[in-house]
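S.K.: Can you read through this structure? Questions will come right after.
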Amino acid sequence: MKQDATRNAAYTVDCEDYVHVVEFNPFESGNSGNLIAYGGNNYVVIGMCTFQEEEADIEGIQYKTLRTFHHGVRVDGIAWSPETRLDSLPPVIKFCTSAADLKIRLFTSDLQDKNEYKVLEGHSDFINGLVFNPKEGEEIASVSDDHTCRIWNLEGMQIAHFVLHSPGMSVCWHPEETFKLMVAEKNGTIRFYDLMAQQAILSLESEQMPLMSAHWCLKNTLRVGAVAGNDWLIWDITRSSYPQEKRPVHMDRACLFRWSTINENLFATTGYPGKMATQFQIHHLGHSQPILIGSVAVGSGLSWHRTLPLCAIGGDHKLLFWVTEM
């Protein structure tokens with residue numbers, strides 16, 4: 001354990017624009033595990049990155065842009081489809097975005113001539129979260145400030161619709177039981193829905209507001225984490241509808257919460273994108289203090305690598321990557 005947890009980013013990649021959102025592809029299908037997507041004021045970039053932690057002959061990071069998609073409006077969110085594959089001929093790149101014009105765009109590309117997108121319209125306010133069904137990728141769920149969670153098919157039709165009690169902030173799909181969906185609301189309630197019965201089956205309470213971000217732990221789906229007010233909170237859904245653990249982390253309000261994809265005790269949080277810098281922290285449930293603290297010039301977005309203890313954050317004309325020891 002290092003005495004000083006404050007560290008600079010291990011690696012950076014220069015970008016043409018301010019980065020609003022960044023997402024590693026979370027799916028291992030079809031050699032696509034090293035894909036990363038990031039969005040700026042009017043474009044989405046799909047890139048490939050390999051780190052020295054996974055390949056000995058690489059020094060630091062090897063990054064290559066595969067394609068830039070003109071978006072025409074600020075990108076607020078990105079979700080990868082499990083149908084993305086690089087080992088097919090032609091390759092398939094599939095993802096969706098949420099944008100400042102309240103629309104979802106579903107992009108499909110073969111990285112050559114075919115680059116198309118479909119627009120999904122229906123939300124009447126900002127979209128705060130979106131996710132693909134992780135098994136087949138045939139549906140997209142989204143949550144919005146308009147107090148709804150909506151499920152769409154790939155034709156852009158709305159196939160289900162849940163009315164929320166406050167703005168929807170995060171949405172997560174169960175990795176195995178894909179009829180289960182988690183929706184977190186700004187008022188501090190996290191509900192689990194059964195999509196077949198189209199009703200709520202369980203709820204958790206943070207007892208504090210505003211809840212800004214929540215995440216289902218994919219390594220242990222009995223665990224849910226969130227940030228509300230200045231604190232992070234962790235639930236064990238078998239034990240109580242109230243948090244098992246909570247701790248103050250960001251004095252300027254916490255913004256994002258993400259579990260590591262490889263360790264059920266490891267998670268990251270960010271503070272609010274400030275005028276100068278955003279604080280970013282990596283936490284381990286076995287330690288009382290953050291195990292890593294970073295500072296990002298106007299940082300936004302937060303994503304974990306699929307197989308490494310490594311986080312990406314968007315910054316001012318930069319992608320920044322932090323590595324932690326497990």
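The values are calculated or read from the model by the stated rules, or taken from the named source; none is laboratory data. Since the structure is predicted, the reported quantities are computational estimates derived from the model, not experimental observations. Cβ atoms come from the backbone with ideal geometry, glycine included; neighbour counts cover every protein chain shown. Quick note on the areas: whole protein, heavy atoms, side chains included, nothing else; ligands and nucleic acids left out. Shrake-Rupley method; radii C 1.70, N 1.55, O 1.52, S 1.80 Å.
S.K.: Counting only residues that are of a type in the set (Gly, Ala, Ser), under 20 Å from the mean Cα position of the chain (by Cα) and closer than 20 Å to Pro175 by Cα, give me the strands (runs of 3 or more DSSP E) lying completely in region 70-144 with at least 1 of them. Spell out the reasoning first.
M.R.: Values: elements: 75-80, 93-99, 104-109, 115-120, 127-132, 139-144.
By residue number, 75-80, 127-132, 139-144.
S.K.: When region 137-163 is examined, which residues are found to be in contact with a Ser or Thr (Cβ under 8 Å, 6 or more places away or on another chain), at negative phi and open to solvent by 10 Å² or more (accessible area, probe 1.4 Å)?
M.R.: Once the filter is applied, which keeps residues that are in contact with a Ser or Thr (Cβ under 8 Å, 6 or more places away or on another chain), at negative phi and open to solvent by 10 Å² or more (accessible area, probe 1.4 Å), region 137-163 yields Asp146, Arg150, His161, Phe162, Val163.
S.K.: Quick check on region 197-219. Is at least one of its residues within 24 Å of Gly294 (Cβ to Cβ), open to solvent by 10 Å² or more (accessible area, probe 1.4 Å) and in a strand (DSSP E or B)?
M.R.: yes
S.K.: Taking Lys114 as the residue in question, decide whether it is closer than 23 Å to Phe132 by Cα, among the charged types (D, E, K, R), touching an Asp or Glu at 6+ places or on another chain (Cβ under 9 Å) and open to solvent by 10 Å² or more (accessible area, probe 1.4 Å). I'd like the intermediate steps shown before the answer.
M.R.: Numbers: closer than 23 Å to Phe132 by Cα: yes; among the charged types (D, E, K, R): yes; touching an Asp or Glu at 6+ places or on another chain (Cβ under 9 Å): no; open to solvent by 10 Å² or more (accessible area, probe 1.4 Å): yes.
In short, no.
S.K.: Of the conditions (1) open to solvent by 30 Å² or more (accessible area, probe 1.4 Å); (2) over 22 Å from Leu256 (Cβ atoms); (3) part of a loop (DSSP other than H, G, I, E, B); (4) of a type outside the set (A, V, I, L, M), Asn8 clears all except one; give me its number.
M.R.: (2)
S.K.: Output the residue which, of all residues in region 231-277 that are among the polar types (S, T, N, Q) and free of Cβ contacts under 8 Å to residues at least 24 places away in the same chain, is surrounded by the most Cβ atoms within 10 Å (Cβ to Cβ).
M.R.: Among residues in region 231-277 that are among the polar types (S, T, N, Q) and free of Cβ contacts under 8 Å to residues at least 24 places away in the same chain, the one surrounded by the most Cβ atoms within 10 Å (Cβ to Cβ) is Asn265.
S.K.: I'm checking my understanding of the structure. Among residues of region 174-188 that are open to solvent by 10 Å² or more (accessible area, probe 1.4 Å) and out of contact with any His (no Cβ under 7 Å at 6 or more places or on another chain), which one is nearest to Ile237 (Cα to Cα)?
M.R.: Here is the first cut: in region 174-188, the ones open to solvent by 10 Å² or more (accessible area, probe 1.4 Å) are 174-180, 186-187.
When the remaining residues are screened for being out of contact with any His (no Cβ under 7 Å at 6 or more places or on another chain), the result is 174-179, 186.
Details: His174: 14, Pro175: 16, Glu176: 17, Glu177: 16, Thr178: 18, Phe179: 17, Lys186: 19 Å.
Per the criteria, the residue is His174.
S.K.: Answer with yes or no whether Leu308 is under 17 Å from the mean Cα position of the chain (by Cα) and part of a strand (DSSP E or B). Quick ask: steps written out before the conclusion?
M.R.: Values: under 17 Å from the mean Cα position of the chain (by Cα): yes; part of a strand (DSSP E or B): no.
Here the answer is no, as Leu308 does not meet what is asked.
S.K.: For Cys217, all conditions in the list (1) under 18 Å from Ile151 (Cα atoms); (2) touching a residue at least 40 places away in the same chain (Cβ under 8 Å); (3) not aromatic (Phe, Trp, Tyr) hold save one; what is the number of the exception?
M.R.: That leaves (1) as the condition not met.
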